[in-house]
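The values are calculated or read from the model by the stated rules, or taken from the named source; none is laboratory data. None of these values were measured; they are calculated from a predicted model. So basically every Cβ, Gly included, is an ideal-geometry build from the backbone, and we count neighbours across all protein chains shown. The protein model used for the area step is the full one, side chains on, heavy atoms only, and it has no ligands, DNA or RNA in it. Shrake-Rupley method; radii C 1.70, N 1.55, O 1.52, S 1.80 Å.
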2 protein chains.
Amino acid sequence: MPDNPQTQKEQPRRRQARGERRIAQLLEAAARVFCTTGYTAASTNAIAREAGVSPGTLYQFFPNKEAIAIELGDRLVHELRETYGEALAPVDPATPLEEAIGSTIDRFMAFNTEHPVFFALMHGPDIPGRMAETHDQLHATLIGRTEDLLTTLMPGATRADVTRTAHVCFGIYKSGLELVLAHEGTERAAYVQEIKNVMVRYLRPLVGDRLG
Amino acid sequence: MPDNPQTQKEQPRRRQARGERRIAQLLEAAARVFCTTGYTAASTNAIAREAGVSPGTLYQFFPNKEAIAIELGDRLVHELRETYGEALAPVDPATPLEEAIGSTIDRFMAFNTEHPVFFALMHGPDIPGRMAETHDQLHATLIGRTEDLLTTLMPGATRADVTRTAHVCFGIYKSGLELVLAHEGTERAAYVQEIKNVMVRYLRPLVGDRLG
DNA sequence: GACAAACACGAGAGATCGCTCGCGTTTCTC
DNA sequence: GAGAAACGCGAGCGATCTCTCGTGTTTGTC
């Protein structure tokens, strides 16, 4: 099956090394601008200026503003899945609850503090259309993994209970992330520990005497 | 000290009953539009259309778009302080922890579900300048009250510990509110109960054997 | 070195939005 | 009922933002 114009949209463009560099440069600039001003308030001219190029050059590589956020989001999601995909894998039932929750939170906190634009793009109320799809897809995946973990730990719970608990865990993490990103150094570390405490104390009665 | 033009900015405008009605009408319309699209994306023309008046009429009562959000926010904050001000008052030490937390969360949830625009205005990343002041002021007040409550319950903790705990409680409530607003009926009630569980289990070890 | 394609520029077209202004209507006051 | 002031309208001004286009430069291929 050769190139199908139906599915193979259009890519007669052969990028040069210079072009790839510009793309990376523009995405880094966009990440900085999105972080400080949010998606909607970020102007394409500002992104181009931040990258040190002209508006026309920006549109040589991205068809529109939304595509910049989408490409940035896709690359981040890809890195998240690649590097931290095993963070929600099934845990050894012998693992203490503190340790299981602690290492999971540490992994995700590390990613989010290293890429603060991820939170800005996924959490902002002004995300573009296809970006919302990517977000919903990732969200569903993470909720699903959490549900799987919780199902083995909450034998007596209904499906709705498990789903609700997973959403509450996710909410706890998100609010904790907001606090963590707002602080630095030892205070930040203290907030990470507090979020672990919240999660452990919330889940301990649900899982009964399992997991330590 | 008669009218001082320095502090008494300018109000030679004597509102008629019709005008007061229009203002209320416009604020209700603005609340609906802000709720669905957020502050920045909400156009003044859309607010006027939602209220069934012309753009010119809107600007007869509000000097600019920011003033609409500020007036709306001020009225909500005023109602919050009036009606729910005692929600964070000092509690009787004999009150069980579950009951103290439960009634407080119920009060605030009632207000927030009755005025969903409040969350949209206070939480959005695109709030206007003076709106942020109102928000920070209210936030500081609520955090301060929470700190006062926690101080009496955490005798051995440092000031920084108390502050951090108060922020964590606030974050738990906010993330819970987001979940509550996203659901209806019995599922909403179940989420309210879950948030109470999270809060109680988080605070129980901190307060020791006090409060039941 | 010649040709094509990718890259780069920046002025500005086109669209949107906040807000104004001139004028007509309703309400209040006497 | 007459004058003033508040209310109401909607076309459109000016600012801003996304995105285009004509032109010039750099890079890859033969």
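Restricting A:Thr152, A:Thr165, A:Thr186, A:Thr146 to those that are out of contact with any Gly (no Cβ under 8 Å at 6 or more places or on another chain) and in contact (Cβ under 8 Å) with a residue 60 or more places away in the chain reduces the list to A:Thr152. Does B:Ala24 meet the test of being closer than 29 Å to A:Ile127 by Cβ, small (Gly, Ala, Ser) and away from chain A (no Cβ under 14 Å)? The answer is no for B:Ala24.
Take B:Leu97 and tell me if it is within 16 Å of DNA strand C (Cβ to nearest atom) and either within 14 Å of chain A (Cβ to nearest Cβ) or more than 19 Å from B:Leu27 (Cβ to Cβ) (or both). So B:Leu97 does not fit the description; no.
Scan A:Thr141, A:Thr146, A:Thr158, A:Thr134 and give me the residue that is polar (S, T, N, Q) and more than 19 Å from the chain's Cα centre (by Cα).
Values: A:Thr141 fails: more than 19 Å from the chain's Cα centre (by Cα); A:Thr146 fails: more than 19 Å from the chain's Cα centre (by Cα); A:Thr134 fails: more than 19 Å from the chain's Cα centre (by Cα).
Step by step, each of A:Thr141, A:Thr146, A:Thr158, A:Thr134 is checked, and only A:Thr158 is polar (S, T, N, Q) and more than 19 Å from the chain's Cα centre (by Cα).
Of the numbered criteria (1) touching a residue at least 40 places away in the same chain (Cβ under 8 Å); (2) among the aliphatic types (A, V, I, L, M); (3) out of contact with any Ser or Thr (no Cβ under 6 Å at 6 or more places or on another chain); (4) more than 20 Å from B:Arg164 (Cα to Cα), the one A:Met199 fails is (4). For region A:9-58, filtered to residues that are of a type in the set (Ser, Thr, Tyr) and within 24 Å of A:Ala182 (Cβ to Cβ), the residue that is nearest to DNA strand C (Cβ to nearest atom) is A:Thr40. The combined condition, being within 16 Å of DNA strand C (Cβ to nearest atom) and either surrounded by fewer than 16 Cβ atoms within 10 Å (Cβ to Cβ) or not in a helix (DSSP H, G or I) (or both), is not fulfilled by B:Asp136. Considering region A:159-181, and only residues there that are among the β-branched types (Val, Ile, Thr) and more than 9 Å from every other protein chain (Cβ to nearest Cβ), the residue that is surrounded by the most Cβ atoms within 10 Å (Cβ to Cβ) turns out to be A:Val180. Surrounded by fewer than 19 Cβ atoms within 10 Å (Cβ to Cβ) and away from DNA strand C (no atom under 16 Å from the Cβ): is that true of A:Leu88 in this structure? Against the criterion (surrounded by fewer than 19 Cβ atoms within 10 Å (Cβ to Cβ) and away from DNA strand C (no atom under 16 Å from the Cβ)), A:Leu88 qualifies. Do we find a residue being open to solvent by 40 Å² or more (accessible area, probe 1.4 Å) and at pLDDT 95 or above anywhere in region B:117-126? Scanning region B:117-126, I find no residue that is open to solvent by 40 Å² or more (accessible area, probe 1.4 Å) and at pLDDT 95 or above, so the answer is no. Candidates are the residues of region B:59-72 that are touching a helix residue (DSSP H, G or I) at 6+ places or on another chain (Cβ under 6 Å) and under 20 Å from B:Ile127 (Cβ atoms); the one that is nearest to DNA strand C (Cβ to nearest atom) is B:Lys65.
The single condition among (1) in a helix (DSSP H, G or I); (2) away from chain B (no Cβ under 13 Å) that A:Pro155 does not meet is (1).
Of B:Arg107, B:Arg145, B:Arg204, which residue is assigned to a helix (DSSP H, G or I), within 11 Å of chain A (Cβ to nearest Cβ) and surrounded by fewer than 18 Cβ atoms within 10 Å (Cβ to Cβ)? Matching residue, one of B:Arg107, B:Arg145, B:Arg204: B:Arg204. Among the residues of region A:182-192, is any in contact with a Lys or Arg (Cβ under 9 Å, 6 or more places away or on another chain), part of a helix (DSSP H, G or I), away from chain B (no Cβ under 13 Å) and not small (Gly, Ala, Ser)? Checked against the condition, which is being in contact with a Lys or Arg (Cβ under 9 Å, 6 or more places away or on another chain), part of a helix (DSSP H, G or I), away from chain B (no Cβ under 13 Å) and not small (Gly, Ala, Ser), region A:182-192 yields no hits at all.
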